[in-house]
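Q: Would you mind keeping the following structure in view while I ask a few things?
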Amino acid sequence: MTIAVDRGEGRVEIRRLRPEMDAGPGPQGRIGLIALSSDNVGEYDFVRILPPGEVACFTSRVTNANTITLASLKAMEEDLTRAARMIVPESRIDVFAYSCTSGTMMIGEERVFELLRAARPGVACTTPVTAAFAAFEKLGVRSVAVLTPYPDEVNAYVLDYFEGRGITVVDFASFGLDTDTDMGRVTPLSVRRAALTLKRNGADAIFVSCTGLRAVDAVAPLEAETGMPVVTSNQAMAWHAMRLAGYDAPVEGFGRLLRL
C-alpha cells in the first residue's frame, strides 16, 4: 500500500510494509523487576545474570527512603502495587520480582505477593527472601554464615527472621551502613574479604544479603576459596525468577546455584 504526501515541492510516496512479528523480547521468560528508587545495584546485577536474547527484564521503581530503617522498609508497602502496574501493562509478564531483601522481611512475603498481584492477578512472584529459601532447599542448606551491609536494628530483624524460618545462623557480620548509596559503593573485593572472615564451621553455605550490595561478582571466587555454596540476594532472585518463568538452562559465572 502506498500513501502520497504533498510537500509543496512535490509528492513523496510512503510505502507501507508488512513486518514479521514474534512474541517480542524475552521468548523464554519475561520478568518484571520492582527495584528501589534509591538502589544503584539491584537492577544492574539482575540484568547481567539473565541470559541475553532469552530472558528479558522490564523494570519499575518503588518509592523508598535512601536511609534504611525498619520504618522506611515497611513504608514501601504503600507504593508496591503502583510500581508493579507500571511494568509493560499491555504486555505479557511471567514473573514479578520485588528487589528488596530486608523490605520483604518487614512487609512479609505473602503481603508483597498480594500487592504485586493486585496489579497483575495470577502472575508468579518472588523476592530475595523467597528465592534465598528456595535456594537453600535446592542446595540442602540448613545453616548459614551471614554477611549484610545493614544497620543494627535491621540486622537483628534479619537474624530473627532466618531463625524463625528454621535456618541456623552460625555467624553474622555486617558493614553497618544505613544508606543505599553507601551500600552500592562497597566493592566486590570488600564483600569477598568480609565473607572470608565469617566463621564457617557448622555452616552449609554463606549468605550475602541485600540487593544493593555488589556481591554477585564475589560468588564464584568465594565458592572456589571456601568449597561451599554462596547465595546472594540478587543471584538467588535471578535464579528463582528464571525457574518460575520456565527457563531451566544453567547460567555460568555466578556460582553453583545458577547451574542448578
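No lab work stands behind these numbers, since they all come straight from the coordinates. None of these values were measured; they are calculated from a predicted model. Glycine also receives a Cβ, built like all others from the backbone with ideal geometry; neighbour counts cover every protein chain displayed.
Q: Cβ under 15 Å from residue 245's Cβ, residue 245 left aside: what net charge do those residues give with Lys, Arg +1 and Asp, Glu -1?
A: Counting the neighbours of residue 245, the net charge comes to +1.
Q: Under 5 Å between amide hydrogens, which residues at least 5 positions from residue 96 or on another chain qualify, with H placed 1.01 Å from N in the peptide plane?
A: Amide H neighbours of residue 96: 32, 124, 125, 126.
Q: Let me ask another. Give me the net charge of residue 184's neighbourhood, meaning all other residues with Cβ under 9 Å from the Cβ of residue 184; Lys, Arg count +1, Asp, Glu -1.
A: -1
Q: Also, I was wondering about something else. What's the FRET efficiency of residue 67 with residue 196 using the Cβ-Cβ distance as r and R₀ = 41 Å, to the nearest 0.05?
A: 0.90
Q: Moving on. Hey, got the dipole for the chain? About the Cα centre, +1 on K and R Cβ, -1 on D and E Cβ, debye to the nearest 20?
A: That gives a dipole near 520 debye.
Q: Please sort by residue number the GluC sites (Glu not before Pro) in segment 26-90 whose DSSP state is loop and whose Cβ has at most 11 other Cβ atoms within 10 Å.
A: Those that pass, being in a loop and sparsely packed, are 90.
Q: Can I ask one more? Toward the positive end of the charge dipole of the chain, about the Cα centre and with charges on Cβ (Lys, Arg +1; Asp, Glu -1), which of 194, 238, 146 goes farthest?
A: Value computed over the given set: 238.
Q: OK, next. Expressed in nm to one decimal, what extension gain is obtained for the pair residue 88 and residue 15 from 0.36 nm per residue of sequence separation less their Cα-Cα distance?
A: 23.3 nm
Q: Explain nothing, just compute: Karplus ³J(HN,Hα) = 6.51 cos²θ - 1.76 cosθ + 1.60, θ = phi - 60°, for every residue of segment 210-221 in order, whole Hz, x for Gly and Pro.
A: Using θ = phi - 60°, the values come out as 4, 6, x, 10, 7, 9, 5, 6, 8, 5, 4, x Hz.
Q: With a cut-off of at most 11 other beta carbons within 10 Å, and DSSP calling the residue loop, which trypsin sites (Lys or Arg not before Pro) in segment 169-260 qualify? Please list them.
A: Hits after loop and neighbour filter: 199.
Q: Still on this structure: Taking the simple approach of a point 7 Å from Cα along Cα-to-Cβ for both residue 153 and residue 260, what is their distance in nm?
A: Taking the simple label geometry, residue 153 and residue 260 are separated by 3.5 nm.
Q: Same structure again: Please get the size of the charge dipole for segment 1-139, origin at its Cα centre, with Cβ charges of +1 on Lys and Arg and -1 on Asp and Glu, quoted in debye to the nearest 20. Provide the component values of the computation, followed by the final result.
A: On the way: 16 positive and 18 negative charges, 65 e Å.
The dipole of segment 1-139 has a size of about 320 debye.
Q: Which ³J(HN,Hα) values in Hz, rounded to whole numbers, follow from the phi angles of segment 15-26 under the Karplus curve 6.51 cos²θ - 1.76 cosθ + 1.60, where θ = phi - 60° and Gly and Pro get x?
A: So the Karplus estimates, Gly and Pro as x, are 8, 9, 9, 9, x, 8, 10, 10, 7, x, x, x Hz.
Q: In addition: With a/c under 1.5 counting as rounded, go ahead and sort the chain into rounded, prolate or oblate using the C-alpha gyration tensor (a ≥ b ≥ c being the square roots of the eigenvalues; past the cut-off, prolate if a/b is larger than b/c, else oblate).
A: Note, shape of the chain comes out prolate.
Q: So, one more: Enumerate the calculated ³J(HN,Hα) couplings along segment 172-179 in order (Karplus 6.51 cos²θ - 1.76 cosθ + 1.60, θ = phi - 60°), each rounded to whole Hz, writing x wherever the residue is Gly or Pro.
A: 8, 9, 8, 7, x, 8, 10, 10
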